[in-house]
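Inspection log for the structure reproduced underneath, given as structure tokens.
Read-outs: derived from the displayed coordinates by stated rules, not from any lab. From a predicted model like this one, the values you see are computed outputs, not experimental measurements. Here the Cβ is made from the backbone with ideal geometry for all residues, glycine too, and neighbour counts use every protein chain on show.
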Amino acid sequence: MPTTQQQKLVHTFSALADIGQEVAHKNNFQEMIHTSLHLLLGSLAIMRGGVARYSRFGHELNFLAVRGLGDDFPLSASLEMSDEREFLNTGMSDIEISQAKMLAFFQRYQRILERKNIELIMPLIVRDELVGMVFLGEKASGEHFNSSDKAIIQAMARHIGVGIHQRNLMAELARRAEENRKLYEDMRMTYQDTVKAFATAIDCKDKYTEGHSVRVGKYSEIIAQELGWSDEEIEGVAVAGYLHDVGKLTVERNIINAPYRINAKESAELNKHPAVGFEILSPIHHPYTDVPLAAKYHHERLDGRGYPDGLKDNEIPYIAKIVNLADSFDAMTTDRPYKRRRPANEVIEDLRRNAGKQFAPELVTAFCNGMLKELTGESKNRQFRRLLGREYMEAEGIVPLLKQALNGMDATSSLTFVASH
Amino acid sequence: MNTNLDIPVRSEGEIATVFASDYLNKISGEKIERECKRQIDAGCTTLVVNFKDTEIVNSIGVSILLGVIDAASNNGTEVIFSEVNEDTEQLFEMLGLTNHVKIQE
Ligand SMILES: [Fe+2]
Ligand SMILES: [Fe+2]
């Protein structure tokens, strides 16, 4: 049979261990506080008490759990600034009610505290911050709290304080995450508005190719969708499409709008637009990667016969390959100053023929797939018909041609695959 | 009369007996406290808490019993703890619970 003293130690220390477990492992904050108060009161057989959380903003104590304090006990109490300072000064040590008389707080609540037999209060201080307060009534034994009792109370109260502090941090974190999300959303919308304004400005300069940038953005988006990219990646590709010709803003208007095939000098001037675009876009912080690269390399070809750098195959950034295909498609399907647009069947044939030469075959496949899905009604998309006109897209023989091209592409893709391994 | 399916209660005249069981040591032990308070409110003059199925009493259990003692004293109801094992009796004594309740075989 253990001695009384041993048994008492076991009883209080298991309460201390339990409170540590509670704080560390309970997900339900209310329940954690509630159980902790039971453990604190039960460890020393204290008849009544309460745990309050301190709100720095309202200078207010709000009780999270009370036992034996009756219905008339105020569940919210305000602190003076001087109280908070005093608590922070003395740190986390018990204050006997007889010593508390100088506190503004005590003076305000003296009557109720005395009526409820509150004998001890303990501010909960974590990292120099007042997070709450514990109120304790009389012991069942009728004895006063001795120093060993106070040490146990302090240890248990510290656990409760940490629990409240953790909860505060979590709430703060959740609030910040939400704020960040909103901020990011705002930024993204601002960015997209800017991008669209830019695209419109680019297209305005070129009266024959009105809407070119916007269409290239849309086609790029369709390709990325067909590739199964994430929403964010798709958005990035669309932006790259919108901005790919931003460098044209610095090219002479009469060169861009020349109603004839431009000469070599003019052509050299025009061909600077990818590099200029890159310079314009590089200093901007884009939420998506590779937007400047798409501008720089959107006139490169798989076979190395493009410009400005004559890059080949995998030297060309993937996003630039997408924009290149979208760009070429738009060039073929819209009227140019010196050339009328070509019929859809010719364009598809051209895409197929140039897969592996100018275009990445899998991108042609993706693009044709997107087109086919729209025409067969497999997807609810109406993009192609909206951008190119119903008659143009629904011309006879387009669907079989697309299917045929896709079959052929399969063969081309596997050929490229064999060739490159 | 058994008023609560979870908590065994026996009520004879003005004496109500509530069985503490092992529930007492968990937050669910508040059910026992509520049942005791119900019996007190119903006007029993003596409330017996029976510990025959209670191996040990931890701090949560003590806290819950203090709630019962407090409610009883506010109503002038006598509280008796019965069939308490030796360890638990010693604990109750040490913590001062025996100042408020009678311990009975
Ligand atoms: Fe271009
Ligand atoms: Fe272009």
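Annotations for the structure displayed:
- Considering only beta bridges that DSSP places wholly inside the protein assembly as shown, some 70 percent are antiparallel.
- Across the stretch B:1-88, C-alpha contacts under 8 Å between residues 6 or more apart give a mean separation that, scaled by the residue count, equals a relative contact order of 30 percent.
- Taking each residue as 0.36 nm, the span from A:Arg390 to A:Glu114 lengthens on full extension beyond its C-alpha to C-alpha distance by 90.8 nm.
- For the stretch A:226-355, the relative contact order is 22 percent, taking Cα pairs closer than 8 Å that sit 6 or more residues apart in sequence and dividing their mean separation by the residue count.
- Residue exposure sequence - A:Tyr242, A:Tyr260, A:Tyr338 - by fewest surrounding Cβ within 10 Å: A:Tyr260, A:Tyr338, A:Tyr242
- J(HN,Hα) series, the stretch A:337-349, from Karplus relation 6.51 cos²θ - 1.76 cosθ + 1.60, nearest Hz, glycine and proline x: x, 10, 7, 7, 5, 8, x, 4, 4, 5, 4, 4, 4
- Amide H contacts of B:Asn50: B:Val18, B:Phe19, B:Ala20, B:Ser82, each under 5 Å away and 5 or more positions distant or on a separate chain (H built 1.01 Å from N in the peptide plane; Pro and chain starts excluded).
- Charging the Cβ of each Asp and Glu at -1 and of each Lys and Arg at +1, and nothing else, the dipole of the protein assembly as shown about its Cα centre rounds to 2540 debye.
- Take the Cα radius of gyration of the protein assembly as shown and divide it by 2.2 N^0.38 Å, N being the number of residues; the result is 1.67.
- Entries in A:Lys339/A:Lys373; A:Lys150/B:Lys26; A:Lys101/B:Lys37 that, when Cα-Cα distance is taken, lie over 32 Å: A:Lys101/B:Lys37
- Considering the stretch A:274-344, its Cα convex hull presents a mean projected area of 5.8 nm².
- Under 5 Å, built H, 5+ apart or other chain: amide partners of B:Val9: B:Thr3, B:Asn4
- GNM flexibility winner over chain B from B:Ile80, B:Ile69, B:Ile60 (Cα, springs under 10 Å): B:Ile60
- Percentage relative contact order, the stretch A:144-302, counting C-alpha pairs under 8 Å, at least six apart: 19 percent
- Of the residues A:Leu325, A:Leu88, the one with the fewest other Cβ atoms within 10 Å heads the list, and the complete ranking is A:Leu88, A:Leu325.
- Value at 222 nm in deg cm²/dmol, rounded to 500, when DSSP H runs of n ≥ 4 in chain A each add -39,500 (n - 2.57): -19500 deg cm²/dmol
- Signed unit charges on C-beta, dipole axis of the protein assembly as shown, positive-most listed residue A:Gln383, A:Ile164, A:Met187: A:Gln383
- Each residue in A:Leu270, A:Leu124, A:Leu130, A:Leu183 was given a count of other beta-carbon atoms within 10 angstrom of its own, and listing them fewest first yields A:Leu183, A:Leu270, A:Leu130, A:Leu124.
- Amide H partners (placed H, <5 Å) of A:Leu64, local residues excluded: A:Val51, A:Ala52, A:Arg53
- Note on A:Asn263 and A:Tyr307: with the Förster distance fixed at 25 Å, the Cβ-Cβ geometry gives a FRET efficiency of about 0.95.
- Of all DSSP bridge pairs formed entirely within the stretch B:2-104, close to 25 percent run antiparallel.
- Listed residues A:Phe278, A:Phe135, A:Phe359, most fluctuating in chain A (Gaussian network, C-alpha, under 10 Å): A:Phe135
- Take the Cβ atoms of A:Ala197 and A:Met102, set R0 to 60 Å, and the FRET efficiency comes out at 0.40.
- Compactness of the stretch A:4-175, expressed as Rg and Dmax over alpha-carbon positions, Å: 15.3, 50
- Under Karplus coefficients 6.51, -1.76 and 1.60, residue-wise ³J(HN,Hα) of the stretch A:253-264 in Hz, glycine/proline x: 4, 5, 6, 4, 8, 3, x, 8, 5, 6, 7, 4
- With a simple spin-label model that places each label point 7 Å from the Cα along the Cα-to-Cβ direction, the separation between A:Asp71 and A:Arg340 comes to 9.1 nm.
- Modelled spin labels at B:Ile15 and A:His286, positioned 7 Å past Cα toward Cβ, are 8.8 nm from each other.
- Counting only alpha carbon atoms, the long axis of helix A:81-90 and the longest principal axis of chain A meet at about 80°.
- Degrees between helix A:231-243 axis and first principal axis of chain A (Cα, 0 to 90, nearest 10): 40 degrees
- Couplings 3J(HN,Hα) for the stretch A:100-111, derived from phi with the Karplus relation 6.51 cos²θ - 1.76 cosθ + 1.60 (θ = phi - 60°), are 8, 4, 7, 6, 4, 4, 5, 4, 5, 10, 3, 4 Hz, where x marks Gly and Pro.
- Separation of the stretch B:21-66 and the stretch A:33-60, taken as the distance between their Cα centroids, equals 21 angstrom.
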